[in-house]
Amino acid sequence: MTSDLPELSSTTNDGVEEQKNVKKERRFRGWFTLFLAWMALFFTAVGIFAGYKNWLRIHDKTKINKASIELIQKQLGDVPSNEKLSLIRDELLKKTKELEEQTSKTLTKTQRYSQQSQHYAETIDAQVAEITQMQARLQLSSRPNTSKDWILSETEFLLRMANRQLHLDKDKHSALSALRAADENLARLGAPHFLPVRQQITNDITNLEQYAEPNIAELSQKISSLMLKLRPLPANDKDINSGEKVNIGEEKKAAVDDNGANSLWSEVKEKAQDTFNQAIIIRKHNKPIQNALDADSRLQLYNLIQLRLETLRLMLLQRFDKEYHQQISLIKQTLEQYYPEEKAQPLLEIMADLDKQNLSPKRPDISKSIKQFESALLTEKNKPDSSNGAEK
């Protein structure tokens, strides 16, 4: 029995050691498996991140390409079609016809006004001749008492003539001359009760000198210079009519040529790019589209502006202020719409200077001097009566 005990203990120790070894092996395998799982998870996360970055890059390129395509489509959409050009031509023809009708009506009215003015002039001449004859007969039959009566009659005539020259004949200088002559007549009389009349005449002369009358001849000369400066639109405008080809993939093509890689695929891409570049041409329309009009439309546009300038001169000569400014607005609108900026700017400056003019300024009232003179004349006539009554 004593010999069997040591053998049992050794067997027990070996089983314990084997169990420890098995546990260590299992623990090692578990840690190794966990390590492999973590490595797999790490590489999976790296792959997902790399794929996400690649997706973002492709998404950005897609946005850029989409914006480029939209820009090209917009530029292609801005290219004028034959329908638009025909509509513009029809509109110009319609406006030209309307303006011709308006000008014809205006000329008819002008002829009627001219005939009426001629009739009035003939009537006035006949009345002046008749009044002259009546004055001659009156002078033969009765003579004024003193030269003072002649001076007073002449002064009244001059005051009334000044008012007539200003409001009827629209002649500022003749009205000033008549007022100054009337003031000189009253100064020769030296009567104190005519001093208020002289003061009122002086006020009327001051107001009349401050009255700014439009210089019709100078304005007409400006319109003539504008008509001489006006030129038709050029037949060819390189900035508008000439297009610039779109060269797509030019840098890539140069890089391929530098590397010397001329594969079948690269040749196919080059042919496709050349075909695309030849098919699409981008034209710049930062200048007015009217430069793309044909020769007939450009000539009609030039004749239209010339006709409007002639109408403007007619409105100026007739002193129609409202119609005058309306015609200037139409001419400016046409120049800004159809002419390039560098060609229209000098013409627009002249039009702006013409637009500042007022053809119908408010005329000063110089009728107060006549009323003041009539009151003083009545006082003058009453003086002898009162003296005669006192003598009686």
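Each reported figure results from applying straightforward, stated rules to the coordinates on display, with no laboratory input. Quick caveat: nothing in here was measured; it's all calculated off a predicted structure.
Taking a 21 Å limit on the Cα-Cα distance, which of the listed pairs LYS332/LYS356; LYS170/LYS332; LYS84/LYS105; LYS109/LYS322 fall beyond it? From LYS332/LYS356; LYS170/LYS332; LYS84/LYS105; LYS109/LYS322, over 21 Å: LYS170/LYS332; LYS84/LYS105. The phi torsions of region 317-329, fed into the Karplus equation with coefficients 6.51, -1.76 and 1.60 and a -60° offset, translate into couplings of 5, 8, 6, 8, 5, 5, 5, 4, 6, 5, 5, 4, 4 Hz, rounded to whole numbers, with Gly and Pro shown as x.
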